[in-house]
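One structure, as structure tokens, below. Some questions next.
The values are calculated or read from the model by the stated rules, or taken from the named source; none is laboratory data. If you're wondering where the values come from, they're calculated on a predicted model, not measured in any experiment. All Cβ positions, glycine included, derive from the backbone under ideal geometry; neighbour counts span all protein chains shown. Remember, those area values only see protein heavy atoms, side chains included, never the ligands or the DNA or RNA. Shrake-Rupley method; radii C 1.70, N 1.55, O 1.52, S 1.80 Å.
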Amino acid sequence: MSTIAENAHRGQARRRVRIDGWRWGGRIFLVFMLLYTALPMIWMLITSIKSGFAAMQFPPQWWPDQPTLASYQKLLDPQNSVGQDFLRFFWNSLFVSTATTILSVIVAVPAAYAFSRFTFPGRNFLFFAVLLRNMFPAVIFLVPLFILMRAIGLVNTHGSLILTYLTFGLPLAIWLLKGFYDNIPVQLEQAARIDGATRFQAFVLIVMPLSTPGIIATAIYSFIGAWNEYIYAYTFLSKNEQLTLPVGIQRFFSENTTDFPGLMAASFMMSVPVVVLFLVLQRYFVRALTEGAVKH
């Protein structure tokens, strides 16, 4: 009996060591990925507080001898041309991203609810046809969409970007929300209907509050996609007063020199809204992904 107990104890010890090995391996991998994603942001921030001369030094100066916020002051000063352009680009990006987010939620919520609750001819075909667009890279649609926007007179307007971003963002938004609605028991709506509520009232009063994490996740996805997009903004917009931030920061490049501290400061300030938005609302985003992926 003692031999059997000793063998069982050794087996448990080996399994414990194996599990601990996997756990520590996972921790090391997470630390590596954290450094891989955080170091570029840290280097961007350090470069933004250097002078132009210090930013060009080789070997690089890891921490400036005389840190300066001159690049940020220049960007946020509406009295100089650089500050005026940066603030205009910032508000253009904010307007386009916010409008895209609002319209995505307005369209995706009823569309996902219809796919989840109603049965109609061609329902499955239409749902997978919506997702089919994501099988192709976005650049494939660049020329056709440009021709379409030129035909309807939307080139050099923010409306062309908003419509384009809706085209690319809605498929995943509808898919996320449909998975969320599938996990909300239909009996809750039926009980509300028995109590005298209309279908619309049951949707607004019962389903919408329960689907808040999914709606927030959809909004985050739409906002980040519109905020960071470059190719279509570069193609559809040519007027300086219409440019968004990803295209506008090219102002820091010139034929003879590049203002690296100003470029890094503009890039850092462009990243801050997205990072803050995701950090504040990440729990809703993760919950929506897990709720939509698991069938209860």
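Once Rh for the range 157-212 is found with the Kirkwood sum over Cα pairs, what is the Stokes-Einstein diffusion coefficient at 37 °C and 0.692 mPa s, in µm²/s? Walk me through the intermediate numbers first.
Details: Rh = 13.1 Å.
Diffusion coefficient, whole number: 250 µm²/s.
Given 0.36 nm per residue, what is the gain on full extension from residue 73 to residue 156 after removing their alpha carbon distance, in nm?
Values: separation 83, 0.36 × 83 = 29.88 nm, distance 2.97 nm.
Contour length minus Cα-Cα distance gives 26.9 nm.
Modelling each spin label as a point 7 Å along the Cα-to-Cβ direction, I'd like the residue 57/residue 141 distance in nm, to one decimal.
Distance between the two pseudo-spin positions: 4.8 nm.
Starting with the highest mean, order 28-39, 156-167, 114-125, 84-95 by the number of other Cβ atoms within 10 Å, averaged over the residues of each peptide. Please report the intermediate quantities before stating the final value.
Details: 28-39: 9.8, 156-167: 19.9, 114-125: 11.7, 84-95: 18.1.
Peptide ranking by packing, descending: 156-167, 84-95, 114-125, 28-39.
Helix-only mean residue ellipticity at 222 nm, the chain, DSSP H runs n ≥ 4 weighted -39,500 (n - 2.57), per residue, nearest 500. What is it?
Numbers: 13 runs with 214 residues, N = 296.
So the helix-based figure for the chain works out to -24000 deg cm²/dmol.
I'd like to compare 103-112, 168-177: which one has the highest average count of other Cβ atoms within 10 Å, and what's the full order after that? Each step should come with its number before you reach the end.
Numbers: 103-112: 18.8, 168-177: 22.1.
For the peptides 103-112, 168-177, the packing ranking is 168-177, 103-112.
Accessible area of residue 232, 1.4 Å probe, to the nearest 10 Å²?
The accessible area of residue 232 comes to roughly 10 Å².
Would you calculate the separation in nanometres between label points at residue 241 and residue 274, each defined as 7 Å from the Cα along the Cα-to-beta-carbon direction?
2.8
Please give the FRET efficiency for residue 133 paired with residue 183, using the beta carbon to beta carbon distance and R0 = 25 Å, rounded to the nearest 0.05. Present the calculation step by step, with values, prior to reporting the outcome.
Working: r = 25 Å, r/R0 = 0.99.
The pair residue 133/residue 183 has a calculated efficiency of 0.50.
Please work out the average accessible area per residue across the chain, using the 1.4 Å probe convention, and give it in Å². Can you show the working numbers first?
Values: 17870 Å² over 296 residues.
For the chain, the per-residue accessible area is 60 Å².
Suppose we take every Cα in the chain and form the convex hull; what volume per residue is that in Å³?
On the way: hull volume 73.8 nm³, N = 296.
Residue-normalised Cα hull volume stands at 249 Å³.
What residue among 278, 137, 206 has its Cα farthest toward the positive end of the dipole of the chain, where the charges are +1 on Lys, Arg and -1 on Asp, Glu, each on the Cβ?
Going by the charge dipole, the pick is 206.
Also, I was wondering about something else. Heavy atoms only, probe 1.4 Å: what % of the accessible area of the chain goes to carbon and sulfur, would you let me know? If you can, show how the numbers build up before the last one.
Details: 12430 of 17870 Å².
Whole-percent figure for carbon plus sulfur exposure: 70.
Any chance you could list P(r) for the range 50-195, counting all Cα-Cα pairs in 10 angstrom bins from zero, rounded to whole %?
Bin by bin from 0 Å, the calculated values are 9, 22, 23, 18, 17, 8, 3, 0.
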